[in-house]
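Participant: Below is the structure I would like to discuss, written out as structure tokens.
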Amino acid sequence: MGTLDGSQIVPPTGSTMRELLRVSSTGAPVDLGAIDPRSTPGLPAVAGRGHDRKAWAREQVELVGVGLGRQQEMLFATAKAAAGPGAPASAPAAAGGHLGGDRPGRLLLVLQAMDCGGKDGAVKRVAGAMNPLGLHIRSFGPPTGEELRHDFLWRIRRALPPPGYVGVFNRSHYEDVLVARVDRLVPEATWRARYDEINTFERELVDAGVTLVKVMLHISHAEQGERLAERLTDPTKHWKYDPGDLDARAHWDDYRAAYAEALGRCGTADAPWFVVPADRKWYRDWALAHLLSETFAALHLGYPAAGFDVERELRRLRSGEPSRRGEAEQG
């Protein structure tokens with residue numbers, strides 16, 4: 001592979017991934033049938049064909065991942081500097097719903113997909129390129145009894161990443177207009193009202209300095225079937241299989257309709273939806289890596305200036321000057 005040199009990164013062709021994968025914000029249901037799950041928008045010709053493309057994509061994801069790690073570090077460093085001297089290196093207590101306009105903010109990747117859509121793989125291969133100490137990953141399953149005693153956004157607010165972190169939601173608040181709709185867990189009037197509640201909530205996040213990247217990993221019915229069969233025939237993947245997956249598969253069309261409406265109703269100028277064709281895992285990872293890289297680039301991050309006299313500290317280091325604590329004790 002050679003050295004990890006950013007100059008070796010080949011950018012998408014045609015446009016940016018943010019433009020190529022963004023769905024229109026018309027308010028109408030998105031036509032998912034018009035998006036081929038095996039398509040490869042933005043993939044340059046240099047990627048080649050067949051197995052060569054897979055190897056090329058893996059190498060490119062690794063190269064882009066170096067930049068993602070650097071951008072993540074800048075985000076964390078800027079937030080730490082803003083917190084002032086003596087602030088802890090991490091601040092998990094800052095999560096849990098507190099927003100308050102913290103700048104420079106945080107980045108939140110929201111991943112949604114049908115079963116076997118590749119959310120776990122995307123987290124492992126793309127988010128895994130970043131420093132785990134600066135990641136805040138949360139997965140949402142069926143709500144607990146305590147969560148059901150609150151509104152549907154309560155558990156989401158409690159899981160928000162602290163300032164300076166990159167958050168990843170593996171499933172999210174959108175389950176409450178997807179599963180809740182298809183399985184009829186709440187009345188139609190309830191889940192329909194949630195579209196406006198979600199838009200208001202996401203507007204609050206954006207106003208508080210949260211950069212949202214909402215991604216649907218789009219797979220075909222046939223590809224899902226192959227992945228389920230693989231989980232059933234490979235003993236090392238039995239742990240991934242849930243009999244409930246087949247029950248959900250029986251409602252494929254209902255889920256597609258629910259996704260189409262959620263994407264259309266909750267795609268806004270500041271919190272758009274991106275649909276990543278995900279039948280080809282190597283393309284999914286390549287596209288998502290570039291999507292995150294472009295999002296970071298738009299934040300114009302940098303390392304914060306020192307909040308102390310650098311030259312003085314260098315002189316103290318080289319001369320063996322006593323620490324301030326020692327000076328105080330001697331006084």
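Participant: Rank these by accessible area, largest first, 1.4 Å probe: Glu261, Glu226.
Facilitator: Glu226, Glu261
Participant: Rank Pro163, Pro277, Pro132 by mean-square fluctuation in a GNM of the chain with C-alpha springs under 10 angstrom and give only the top-ranked residue.
Facilitator: Its mean-square fluctuation being the largest, the pick is Pro132.
Participant: Another question, then. Wrap a convex hull around the Cα atoms of the chain, take a quarter of its surface area, and give that in square nanometres.
Facilitator: If you wrap the Cα atoms of the chain in a convex hull and average its projections, you get 22.1 nm².
Participant: Can I ask one more? Connecting C-alpha atoms closer than 10 Å in a GNM of the chain, tell me which of Arg315, Arg138, Arg171 has the biggest fluctuation.
Facilitator: The residue with the greatest mean-square fluctuation here is Arg315.
Participant: With runs of 4+ DSSP H residues as the only contributors, calculate the mean residue ellipticity of the chain at 222 nm using -39,500 (n - 2.57) per run, divided by the residue total and rounded to the nearest 500.
Facilitator: -13500 deg cm²/dmol
Participant: Next question, about the same structure. Measure off 7 Å from each Cα along the Cα-to-Cβ vector at Tyr303 and Arg158, then give the distance between these two points in nanometres to one decimal.
Facilitator: 3.9 nm
Participant: Where both partners of a DSSP beta bridge lie in the chain, what percent of those bridges are antiparallel, to the nearest 5?
Facilitator: Just about 5 percent of them are antiparallel.
Participant: OK, next. Could you work out which residue, out of Leu292, Leu301, Leu75, moves most in a Gaussian network model of the chain, that is, has the largest mean-square fluctuation with Cα springs under 10 Å?
Facilitator: Its mean-square fluctuation being the largest, the pick is Leu301.
The values are calculated or read from the model by the stated rules, or taken from the named source; none is laboratory data. Not measured: the values here are computed from a predicted model. No Cβ is skipped: glycine too gets one built from the backbone with ideal geometry, and neighbour counts run over all protein chains shown. Only protein heavy atoms, including side chains, enter the accessible area calculation; ligands, DNA and RNA are left aside. Shrake-Rupley method; radii C 1.70, N 1.55, O 1.52, S 1.80 Å.
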